[in-house]
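Peer 1: This is the structure I want to talk about, given as structure tokens.
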Amino acid sequence: MAERESLLRSSASGAFGRMSGNSAFIGLEGQVRVGSWNLSAGGEVGTVVADVDESLLSINSSLITSAFALRAERKLNHHNTVSFAVSQPVRIESGSANYTVPIGRTPEGDVIRTSNSVDLEPSARQIDLGVKLRRALPYSDGDFRMATRLSFHPGHTAAAKPEFSVLAGLRLRF
């Protein structure tokens, strides 16, 4: 999969130049029924070859990424379904970059730069816990859904506080 003018859905401008990348990934997904529960699991591992132009930043190696989800769903009755999920959104598992910054000038006016290396693996692993309720609407082909999600280390950042989300939706078909 090729990304133009972005890298893992991130874009850059100015001193960070232009970014693009070619991604390849493989995923597995499976589902099994255990009693009244539908259990499913999926995961993927990917690699991204980054291309950065006209930038103070350079990517030294391919980026390795991962993502996974585990789900359990069951019908409570004819109209209601509940599901539980544990997931990790896409995360960089390994990769590094160099960045160059100006630190001064020579007496002749030439810019003096220094280069530093940075590990692109985040400081933590974001784990999301979710619960979703779905109620089929009587006399129609629609449903009402309500979901909650608790994210630990959002953005894969160790210092980030947990985030709690509540979502609701109504789907109607005509």
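Peer 1: Note down the net charge around SER96, summing +1 for each Lys or Arg and -1 for each Asp or Glu among other residues with Cβ under 10 Å from its Cβ.
Peer 2: Counting the neighbours of SER96, the net charge comes to -2.
Peer 1: Between the range 80-131 and the range 28-52, what is the separation of their alpha carbon centroids in Å?
Peer 2: 24 Å
Peer 1: Continuing with this model, one more query. How long is the gain from LEU39 to SER123 if the chain were fully straight, where each residue apart is worth 0.36 nm and the alpha carbon distance is subtracted? Kindly include the intermediate steps, with their values, before the conclusion.
Peer 2: On the way: separation 84, 0.36 × 84 = 30.24 nm, distance 3.04 nm.
Length gained between LEU39 and SER123: 27.2 nm.
Peer 1: Using the Cα centre of the range 34-147 as origin and beta-carbon charges of +1 (Lys, Arg) and -1 (Asp, Glu), tell me which of SER96, VAL48, SER123 is placed farthest towards the positive end of the dipole.
Peer 2: SER123
Peer 1: So if each residue of separation counts as 0.36 nm, and I subtract the Cα-Cα distance between ALA168 and VAL131, what length gain in nm does that give? Working shown, then result.
Peer 2: On the way: separation 37, 0.36 × 37 = 13.32 nm, distance 1.19 nm.
Additional length available on full extension: 12.1 nm.
Peer 1: How high is the FRET efficiency between GLN31 and SER94 when r is their beta carbon distance and R₀ equals 25 Å, given to the nearest 0.05? Show your work: numbers first, answer last.
Peer 2: Numbers: r = 30 Å, r/R0 = 1.20.
Efficiency for this residue pair is about 0.25.
Peer 1: With r as the distance between the Cβ atoms of TYR139 and VAL49 and R0 = 41 Å, compute the FRET efficiency 1/(1 + (r/R0)^6) and round to 0.05. The partial results should precede the final answer.
Peer 2: Numbers: r = 53 Å, r/R0 = 1.30.
Taking R0 as 41 Å, the efficiency between VAL49 and TYR139 is 0.15.
Peer 1: What is the extension gain from ASN116 to ASN22, computed as 0.36 nm multiplied by their sequence separation minus the C-alpha to C-alpha distance, in nm to one decimal? Can you show the working numbers first?
Peer 2: Values: separation 94, 0.36 × 94 = 33.84 nm, distance 2.47 nm.
Between ASN116 and ASN22, full extension yields 31.4 nm more.
Peer 1: Listed highest first by mean packing, meaning other Cβ atoms within 10 Å per residue, what order do 77-90, 108-121 come in?
Peer 2: Details: 77-90: 14.3, 108-121: 10.4.
Highest mean packing first, the order is 77-90, 108-121.
Where a number appears in this text, it was derived from the coordinates with a stated rule and is not lab data. What you are looking at is a predicted structure, and each value in this text was computed from that prediction instead of being measured. As a convention, Cβ positions derive from the backbone with ideal geometry for all residues, glycine included, and neighbour counts pool all protein chains shown.
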